[in-house]
Structures are given as C-alpha cells and as structure tokens.
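S.K.: Quick one: the structure is below, questions incoming.
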Amino acid sequence: MSDSGVAVGHGAFMEESPYGIQSKKLAMWLFIISDAVTFGAFLVAYGYTRVSSLNWVAPFEFSPSIVNAMIMTVVLLTSSLTMLIAVRAAAAGDKSSANKWLAATMLLGVVFAALHLREWFSMFHEGWRLSVNPTGGDPQFGAAFFSVTGLHLLHVISGVVALLVITLGFNSGRFDSKHVETTGLYWHFVDVVWMFVFPLMYLLNVHGA
C-alpha cells in the first residue's frame, strides 16, 4: 500500500537489471550457457568413447536412417524460421499472426519428435539397446546415441510445452512479446545443438564413410 492508499504491485519493488538486459532474457541466456555446457560434456564424452574404442562400427546405412535424420534437420531448421517470424509478429503487436506462427513452430516440433521416436522404435525392433549393439560393434554406441539424442529430444518436447504455455498466455494478455522472444531464444538454442548432434551422431556413423 502506497502513501496515497493505492495498492502497489510486486513489480514496483523489482529492481532494474544492472546489465542492460531484461531479467527474463538474462535468466534465459544463463540457462542456455549452462545447458550448452551440459551438451558439450555429453558430446565430448561421446567423442572420447569413440576415439578410444577398438571395435567401433559405424551402424548407419545412408538410407533410411540418414535420410530420416536429414528430414528431421530440415523440419527443425524450418521451425527456427517460423519462430523468428512469430517473434517479429509479437513485437509488432500482431497477435493473430504471432499465434499462427507459434502454432506452426509447435507443429514442426511435434513432427520432429514423432520422426525421432519412430527412428528409435525402429532401432529397438532391430535389437538396439543402451548396452546392446546388434551389429557386433562396441556396445557403448547404443548408450551414447540414445543418451545424446534423448537429451536433445527431451529439450524439443520441453520447448513445445513451453511454447504452448507462452502462446496461451500471450493470447490472453498474461504474457507479452518479450516472453515470446525469450522462449524463442531457447528454441533457437535447441536447433543449434542439433547442428552438432546430427553430424556427430549420424553422418560420422554412416557405414563406409
């Protein structure tokens, strides 16, 4: 309650960010940096495992696994474009257009996840497990592949859920364009990570490559 008897919201007691960047955006950047370290650790561990293995067998044929992964890559890169358009529409105050492009981004995220899960179940059917390699090569490939791609898939699914929450909030007026922009940073980060996962986990494991 202020001296004039008018209730003051919690926002009045919040200090401005001292770094010249909004607090929510700063928090997202800090999260992205810490998450990048996590992915980096996973990929470095995978690289060490591969280099130190004496029985590493590249399990993928060019088709269909690599073709499927290429389609997944196109889908995810396209989702970055739709997310960028959604952020610009939100900043311009065009809720209708922003909602449309946010929905497109979520749909592409769902398509990516569905393609990924289809690939996983196909590999399970072929006998792949965390500690089982049906090709007779190093059994650690299964653990490395499912751990790295699984971590990324978890981020994609989490991103779709976050986008749904932000879209509903933005549409109702609870969230503003800055929330859309901040969530967009996370989505672009997920796409960038895939550009490391795809060549390392797929292209470098093509049989005969």
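S.K.: Mean separation of Cα pairs under 8 Å and 6+ residues apart, divided by the residue count of the chain: what relative contact order is that in percent?
M.R.: About 30 percent, as a whole number.
S.K.: Please arrange 71, 32 by how many other C-beta atoms lie within 10 Å of their C-beta, fewest to most.
M.R.: Lowest count first: 71, 32.
S.K.: Report the label-to-label distance for residue 195 and residue 165 in nanometres (one decimal), using points 7 Å from each Cα along the Cα→Cβ vector.
M.R.: 2.7
S.K.: With the chain treated as a Gaussian network of Cα nodes joined by springs under 10 Å, which of 67, 87, 148 yields the largest mean-square fluctuation?
M.R.: 67
S.K.: Which angle from 0 to 90°, rounded to the nearest 10, does the C-alpha axis of helix 140-172 make with the longest principal axis of the chain?
M.R.: Value to nearest ten degrees: 20.
S.K.: Still on this structure, please answer the following. With the chain treated as a Gaussian network of Cα nodes joined by springs under 10 Å, which of 44, 193, 57 yields the largest mean-square fluctuation?
M.R.: Among 44, 193, 57, the largest mean-square fluctuation in the Gaussian network model of the chain belongs to 44.
S.K.: Enter the angle in degrees (range 0 to 90, nearest 10) between the Cα long axis of helix 23-52 and the first principal axis of the Cα atoms of the chain, meaning the one along which they spread out most.
M.R.: 10
Read-outs: derived from the displayed coordinates by stated rules, not from any lab. Since this is a predicted model, take the numbers as computed values, not measurements. A quick note on method: Cβ atoms are made from the backbone with ideal geometry, for glycine too, and the neighbour counts reach across all protein chains shown.
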